[in-house]
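Asker: Attaching a single structure in structure tokens format; questions to follow.
The values are calculated or read from the model by the stated rules, or taken from the named source; none is laboratory data. For clarity, every value in this text was computed on a predicted model and none was experimentally measured. When we count neighbours, we look across all protein chains shown, and the Cβ atoms used for this are built from the backbone with ideal geometry, even at glycine. The protein model used for the area step is the full one, side chains on, heavy atoms only, and it has no ligands, DNA or RNA in it. Shrake-Rupley method; radii C 1.70, N 1.55, O 1.52, S 1.80 Å.
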Amino acid sequence: MEFSRYFLFFFASLGAFNGVLLAVWIYHKRQAITGAPWLSLLLLMLSVRIGKSVAFYFSPGLSKDILQLGLSACCLIGPSLFSFCFRAQSPDKYRSMLRWHFAVWVFVVALIGFLYPYRSHLELWQSWIYRGSSYVWLGYLLAASWVCRDKLVALWSTPSRLAWRDMPLVVLGGGWLIWLAYYTAAYTSYIMGALSFSMVLYLSVVVYSGAGKVKYAAQRISDQQSHELSAKLTHLLDEQRLFTDPDMSLPRLARRLGVSHTKLSQFLNQHYGCNFNQYLNRYRVEYAQGLLCQRQDLTMDHVAELCGFNASSTFYTAFKKYSGQTPSQFRARNTAKLSS
């Protein structure tokens, strides 16, 4: 193997390997990153697809089972990317629907692989599934772009350093670049897809890792502004209980406060040391604790609904995170205290 091929192999395979490591790290940080499981899944599917491409490029006699695994992963890249972008835009909406949507794709891909394995149906996999997976990926890229249309329009109209560091936009842009590299591989080189993944992966890490450093460096909120914003926020959440609205989002709350969503996010980070979802969930959990003690007739699902949670699973996860116990345990312990 000549030096240039060693060079290609090193960078392409290193990108796939680092993609797996990054997927594991992001999943570990799932409490801090909205939609982290979907982003981890996306990176894992891309890494499998890239790994297969690297292996096939340097070893054309590769086992057909490995080729089938790579193309199967490619079929799941689009759904993973769309699910992440959707969750990033709407953290508490249609969570179970996204899971079922992805589960259907996994079932279909697994069923086709079982009934029509690569080794005995070369034409199906090399032609129809190879092309079809690319178009499925494209379709979901378009759907994800539509989901992020407000961010894209804002970026186009008023480009800024903060806007293009937004996680969904970084992922969406990277997805488009990698798809284009694979789609045009027939006119360039098969290994270009793998190399593009490595390039996009490292570039995305550099771009996003700097976001925390410059996100609020431009202008800190003064003490007076912080006091005014805190008073307004307390009024809206304590007295009007906006947190019970399951559709409450950072932009909507920012509009009620009369500030930009960037400033509100900055304020929450500086003043409370948390992001919007964490801040809202604290209010919801505190309200839930009161209901669990005062309203013994309410079921857990009803309590979750009254507190603004879209799903019981989200309620249980948030409650345990902030109180260290499940809602049932909290109710049982406090009921025992009241009766003793």
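Asker: Within the stretch 51-77, restricting attention to residues that are over 22 Å from I178 (Cβ atoms) and not hydroxyl-bearing (S, T, Y), which residue is surrounded by the most Cβ atoms within 10 Å (Cβ to Cβ)?
Answerer: Among those residues, the one meeting the criterion is K64.
One line per residue, one yes/no per condition, for (1) among the acidic types (D, E); (2) modelled with pLDDT of 90 or more; (3) more than 30 Å from K64 (Cβ to Cβ); (4) open to solvent by less than 60 Å² (accessible area, probe 1.4 Å):
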residue: V104; (1), (2), (3), (4): no, yes, no, no
residue: L115; (1), (2), (3), (4): no, yes, no, no
residue: C148; (1), (2), (3), (4): no, no, yes, yes
residue: V153; (1), (2), (3), (4): no, no, yes, no
residue: P159; (1), (2), (3), (4): no, no, yes, no
residue: T184; (1), (2), (3), (4): no, no, no, yes
residue: S198; (1), (2), (3), (4): no, no, no, yes
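Asker: May I pose another question? Within the stretch 78-93, does at least one residue satisfy the condition of being touching a residue at least 24 places away in the same chain (Cβ under 8 Å), loosely packed, with under 14 Cβ neighbours inside 10 Å and of a type in the set (G, A, S)?
Answerer: No, the conditions are met nowhere in the stretch 78-93.
Asker: Got a sec? Which of Y130, Y140 is in a helix (DSSP H, G or I), open to solvent by 30 Å² or more (accessible area, probe 1.4 Å) and without any contact (Cβ under 8 Å) to a residue 60 or more places away in the chain?
Answerer: Y130
Asker: Restricting to the stretch 296-324, name every residue that is of a type in the set (F, W, Y) and touching a helix residue (DSSP H, G or I) at 6+ places or on another chain (Cβ under 6 Å).
Answerer: Selection gives F309, F315, F319, Y322.
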